[in-house]
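Q: Got a structure for you, written out below as C-alpha cells; questions coming shortly.
Rule-based calculations on the coordinates, nothing more; no lab input. On a predicted model such as this, the values are computed, not experimentally measured, just so you know. No Cβ is skipped: glycine too gets one built from the backbone with ideal geometry, and neighbour counts run over all protein chains shown.
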C-alpha cells in the first residue's frame, strides 16, 4: 500500500511539472514581430525593366533609386474646399509605383475616383488581379466629392504594367476625359517660405503655387508582403500649403505607428487643425501603420506650429531597441 501511494504521488508531481513546462513554453504575443519578418528582397538588389513598363503602359514616370512611379494629375477635377482650390500638388494626383523583387515586382498605388468612377474602376482593379487595400476621403466639404482607393499586387512586370494601364484606362472611360489632358491649374501663394521652413524644420518644393513638404520615416523599416516600402512608394508624411501669411490652407497626411495616433490627433486638434480621416493604406504591412489626413485654414505661422507639434509626436520610438 505504501509503495502504491509513493507511485501515485510521483505521478502527480511529474504531471504537474510537465504541465508547468508546457505552459511556460506556450507561445506569447510577439511585440517584436515586425523585426522578425524576413525581407524578400533588399532595396537595390534587383532591377526593374523600366523600358517595358513605359512601353506597356504608354505612360512616362519618374525613376528613383531603382523604383518607378507613374503619376496622373487629376486636372479635370475642379475641387474647392473652404474657398481654396485643390489642385494636383495639394494631393489630387493618382499614382502607381513599381519596386523590384527578384524576377517579379510589387505595385502600390492610389487612385482618385469620383462617386461615379468608384464602381467600374474597383471592378477593373479586381479583374486585373490587384487587391484593394483602402478606400477613403482626404477632405471634407469638398465639391465635387472624391475618394482615394489604394491598390497593390506582386507579379511579373508585364502583368503589373498591363494591369496598371487597364485601371487608368477605366478611369478615363468612366470620366469621358483623360484626367491629365486639361490645362493644369495653379494656386495663389504669397506665403513666407523661410518662416514656414524655420518652424517646420524641413525644406519643401514649390509647384504651381503649392509649397509641399515630404517627410520620410527613416526610423521605421516598413515591409509589405516582406518587400521594403520606401518614401517614394508612399510611406511618408506630407504637408501642402497655399494662400497668404494671414490666411493659408494646409492639407496632408501623417504616417504613424499605433502608439502615435492619439498624440498626433491631440496635437493637431489643439492647434486648430482639423483631422478629417484616420485609416490604413496597406493590409499586410509590418509594423502596422496608420495614416491621418488633416485640413487647416488660418494664420500660416500658427498652422505651421501645429504641424510641428504633430511631427514632434512621431519618431520617438526606436523599433530596433524596443
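Q: Which FRET efficiency value, to the nearest 0.05, do you get for residue 118 and residue 162 by plugging their Cβ-Cβ distance into 1/(1 + (r/R0)^6) with R0 = 22 Å?
A: 0.50
Q: In addition: Could you state the angle between the C-alpha long axis of helix 2-25 and the longest principal axis of the C-alpha atoms of the chain, as a value from 0 to 90 degrees rounded to the nearest 10?
A: Once rounded, the angle reads 10 degrees.
Q: I would also like to ask the following. Which FRET efficiency value, to the nearest 0.05, do you get for residue 184 and residue 80 by plugging their Cβ-Cβ distance into 1/(1 + (r/R0)^6) with R0 = 22 Å?
A: 0.85
Q: Mean separation of Cα pairs under 8 Å and 6+ residues apart, divided by the residue count of the stretch 166-312: what relative contact order is that in percent?
A: Dividing the mean separation by the residue count of the stretch 166-312 yields 23 percent.
Q: May I ask you to derive the FRET efficiency for residue 135 and residue 192 from their Cβ-Cβ distance with R0 = 30 Å, giving the value to the nearest 0.05?
A: Approximately 0.20, to the nearest 0.05.
Q: Before anything else, pin down the relative contact order of the stretch 50-321: Cα pairs under 8 Å, at least 6 apart, normalised by residue count, whole percent.
A: 18 percent
Q: Picking from 80, 275, 200, which is most flexible by a Gaussian network model of the chain using Cα springs under 10 Å?
A: Fluctuation is largest for 80.
Q: Report the paramagnetic label zone for residue 280: residues of the stretch 136-157 whose backbone N is under 15 Å from a point 7 Å from Cα along the Cα-to-Cβ axis.
A: Answer for the stretch 136-157: 136, 150-153.
Q: Simple spin-label model, 7 Å along Cα-to-Cβ: residue 65 to residue 127 in nm?
A: 3.7 nm
Q: Between rounded, prolate and oblate, where does the stretch 50-321 land on the alpha carbon gyration tensor, with a ≥ b ≥ c its root eigenvalues, rounded for a/c under 1.5, else prolate if a/b exceeds b/c?
A: It comes out oblate by the Cα gyration axes.
Q: While we're on this one: Could you let me know the centre-to-centre spacing of the stretch 94-171 and the stretch 215-275, using Cα atoms, in angstrom?
A: First find each Cα centre; the distance between them is then 21 Å.
Q: Using helices alone, I'd like the mean residue ellipticity at 222 nm for the chain: each DSSP H run of four-plus residues gives -39500 (n - 2.57), total over residue count, nearest 500.
A: Only helices count here, giving -9000 deg cm²/dmol.
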